[in-house]
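Engineer: Pasting in a structure now, in structure tokens, and then I'll have a few things to ask.
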Amino acid sequence: MRIGVVLASALAILAPLLLVVWQSFLDGPFFARNVHLTLGAYQFVFEDPDFYRALGTSVVVAVGMTLIAVPVGALLAFLLVRTDLPGRRWMEPLILTPMFISSIVLAFGFVVAFGPVGIVSLWVKGWLGALPWDVYSLPSLIIIAGLTHAPHVFLYAATALRSLGSDVEEAARSIGAGPLRVAATVSLPMIRPALLYAGVLVFFLGFELFGLPLVLADPKGVLVLATYLYKLTNVLGIPSYQLMAVVVMVIVFIAVPLVWLQNRLLQSANRYVSIKGKAQSARPIALGVWRWPAAAFIALWLLTVVVAPVCALVLRAFLSSWGEGVELASALTLDHFRELTHYPNLMRGITNTLVLAAVGGAASVAVYTLINLAVHRWHSAWARVIDYLVLLPRAMPGIVAGLAIFWVFLFFPPLQPLRQTLLAMWVAYTLVWMAYGMRLVSGSLLQIGPELEEAGRVVGASPGRVSLDVTLPLIRAGLIGSWMLVFVTFVREYSTGVYLLGPGTEVIGSLLVSLWATGAVDTVVALSVINIAMVGAGLLLLTLFGRKAHHG
């Protein structure tokens, strides 16, 4: 049974990747007649100047956003976890907000707020006489990507800082060191492995970027690898699958070593942090005169990255038009939301998004649980194999995984009738988020003491019966929490469905990508607001469930 689950998981993970490898060596689509093995696709891509420009831009963006996200995220974590900053309890959930909003929705928010005729831009222009930034530029893309990815660094840095005792910081304070000096010379150096891990993660995410470059850089002709791949779809006048496969190979070739390095660093970080065991005894560092400047820094970050884009997007969704001289009161309308009801594909997209997130999310958690139970407390090489295999989909950005799944459904004749169904979309989502979902479920399993399961086996119960009667009931709350997090993740997902978009498989995320290309701004902002509302509802339910579970 266990080996069967491992083999089925390996087949589901490796089939799309092997198909990409096979396609990259053909001179046409794999399903076409008279295709031959060749290196022509590699030659075409590696002689294309646009490929090198896209690769170079991806490197610049990845490096730049890492250099911004790491110090900002680390400083946010230090201020909120180790100091007596006023209001830090309610600030912390807000810091994580950008992680739960689709990056393409966030990109639309930045355009509506800080674009040439953005809501914030017009106010600044009226005050200064000119706009001191250009949101459609490479520097703006790097800054926005860095600021919006700071929460990833914050998450790992905050966790590591909570594991540290405060004795060394107190010693530094006793000899006169100020809060910033304590942060720079004591606290943050002690969590260097966690910061290094977060830095590699952000650098890796830089190569995955699709939504932000598509909205902010593509209008100026600036390509990154993901948007270059998107543009290749019909570069030869027909689906150029072989060229796309080569670019996918390049992205996976870059991503696999980074994912491997992340796991090595995570193990190192855990060992480093576990040295200390005085988390409960940690006392906040008094900021003194720095309290209000520190609060202003966090407020400015929140205002720029969360409040302005989201509020501008919501406001724009209720305005008939926007620009210089437009009065808010006279432009308020609900027409953009009413117009959605006139298009069956848009209404289907909203319904499909909810179904995929709720029903599909539950089914995905069931799959992750089954795989986790198969390798749970199994000291075998098969368990180690599955540990590494589930990381492979993580090395494929969503747009790449969606393309690979699309090809799998084209390649295997029995699956072809299912290509235009939500099943294809669900398979793609489940694979893309497998590493994340597996970690959520395994976290609950690790909290179960082995003696409870051993007691079941002592009375003669089979491993399957022990899982059903002992393990699953004990991790029920953890599974419900995992389902809610997967719900939010599936609602915000957009790039995975780009190549699977068709009649019957519309979801809000992929609709936003296609609608943006047509210039349907009013529809885009209305759908974006609905998407934010869905994410907000999921997070509200998760918070209420967490409080109920905490209080028993």
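Engineer: In whole Hz, what ³J(HN,Hα) sequence does segment 177-182 give by Karplus (6.51, -1.76, 1.60; θ = phi - 60°), x for Gly and Pro?
Structural biologist: Ordered by residue, 3J(HN,Hα) equals 6, x, x, 5, 5, 4 Hz.
Engineer: At a Förster distance of 56 Å, what's the computed FRET efficiency of PHE337 paired with PHE253, Cβ-Cβ distance as r, to 0.05?
Structural biologist: 0.80
Engineer: Does segment 469-552 come out rounded, prolate or oblate by the C-alpha gyration tensor, with a ≥ b ≥ c the root eigenvalues, rounded set by a/c under 1.5 and, if not, prolate when a/b is larger than b/c and oblate if not?
Structural biologist: Taking the square roots of the gyration eigenvalues as a ≥ b ≥ c, segment 469-552 is oblate.
Engineer: What number, in percent, do you get for the relative contact order of segment 75-164 if the mean sequence gap of Cα pairs under 8 Å and at least 6 apart is divided by its residue count?
Structural biologist: 39
Engineer: Once phi is turned into θ = phi - 60°, what whole-Hz ³J(HN,Hα) does the Karplus curve with 6.51, -1.76 and 1.60 give for every residue of segment 297-309, x standing for Gly and Pro?
Structural biologist: Per-residue couplings from phi come out as 4, 5, 4, 5, 4, 5, 4, 6, 8, 10, 5, 4, x Hz.
Engineer: Right, here's the next one. To the nearest 500 deg cm²/dmol, what mean residue ellipticity at 222 nm is calculated for the chain from DSSP H runs of n ≥ 4 alone, each contributing -39,500 (n - 2.57), summed and divided by the residues?
Structural biologist: -21500 deg cm²/dmol
Engineer: Ranked from highest to lowest mean number of other Cβ atoms within 10 Å per residue, what is the order of the peptides 526-539, 1-14?
Structural biologist: Descending packing order for the listed peptides: 526-539, 1-14.
Engineer: Counting pairs of alpha carbon atoms under 8 Å apart in space and at least six apart in sequence, what relative contact order in percent does segment 414-552 give?
Structural biologist: 28
Engineer: Near LYS548, which aspartates and glutamates are there with a Cα under 15 Å away, not counting those fewer than 8 places off in the same chain?
Structural biologist: Once the sequence-local aspartates and glutamates are set aside, nothing remains near LYS548.
Engineer: For segment 333-402, what is the convex hull (Cα atoms) projected area averaged across all directions, in square nanometres?
Structural biologist: Across all orientations, segment 333-402 yields a mean hull projection of 7.0 nm².
Engineer: Averaging over all projection directions, find the projected area of the Cα convex hull of the chain and quote it in nm² with one decimal place.
Structural biologist: Convex hull of Cα atoms, orientation-averaged projection: 28.9 nm².
Engineer: According to the square roots a ≥ b ≥ c of the eigenvalues of the Cα gyration tensor, what is the shape class of segment 118-217, taking rounded for a/c under 1.5, prolate for a/b larger than b/c otherwise, and oblate for the remainder?
Structural biologist: oblate
Engineer: Further question: For the pair LEU37/ARG465, report the inter-label distance in nm, with labels modelled 7 Å from Cα in the Cβ direction.
Structural biologist: 5.3
Engineer: Roughly how far apart, in whole Å, are the Cα centres of segment 281-316 and segment 108-146?
Structural biologist: Centre-to-centre (Cα) distance: 20 Å.
Engineer: Show me 460-467, 438-445 ranked by packing, highest mean number of other Cβ atoms within 10 Å first.
Structural biologist: Taking the mean over residues of other Cβ atoms within 10 Å, the ranking is 438-445, 460-467.
Engineer: For segment 53-69 and segment 450-488, compute the distance between their C-alpha centroids and round to whole Å.
Structural biologist: Centre-to-centre (Cα) distance: 43 Å.
Engineer: Let me ask something additional. In Å and from the alpha-carbon atoms only, list the Rg and Dmax of segment 466-514.
Structural biologist: Rg and Dmax of segment 466-514, Cα atoms, are 16.3, 48 Å.
Engineer: Moving to a separate point now. What's the ranking of 197-208, 297-308 by average number of surrounding C-beta atoms within 10 Å, highest first?
Structural biologist: Descending packing order for the listed peptides: 197-208, 297-308.
Engineer: Now for a different question. Over the Cα atoms, compute the radius of gyration (one decimal) and Dmax (the largest Cα-Cα distance, rounded to a whole number) for segment 1-62, in Å.
Structural biologist: When restricted to the Cα atoms of segment 1-62, Rg and Dmax are 17.1, 51 Å.
Engineer: Continuing with this model, one more query. Give the distance, in whole Å, between the Cα centre of segment 339-398 and the Cα centre of segment 178-202.
Structural biologist: First find each Cα centre; the distance between them is then 33 Å.
Engineer: Taking the Cα-to-Cβ direction at THR159 and at PHE412 and moving 7 Å from each Cα, how far apart do the two end points lie in nm?
Structural biologist: It works out to 3.3 nm between the two label points.
Readers should treat all values here as calculations from the given coordinates under stated rules, not as data from a laboratory. All of these numbers come straight from a predicted model, not from anything done at the bench. In this analysis, Cβ positions are derived from the backbone assuming ideal geometry, glycine residues included, and neighbour counts consider all displayed protein chains.
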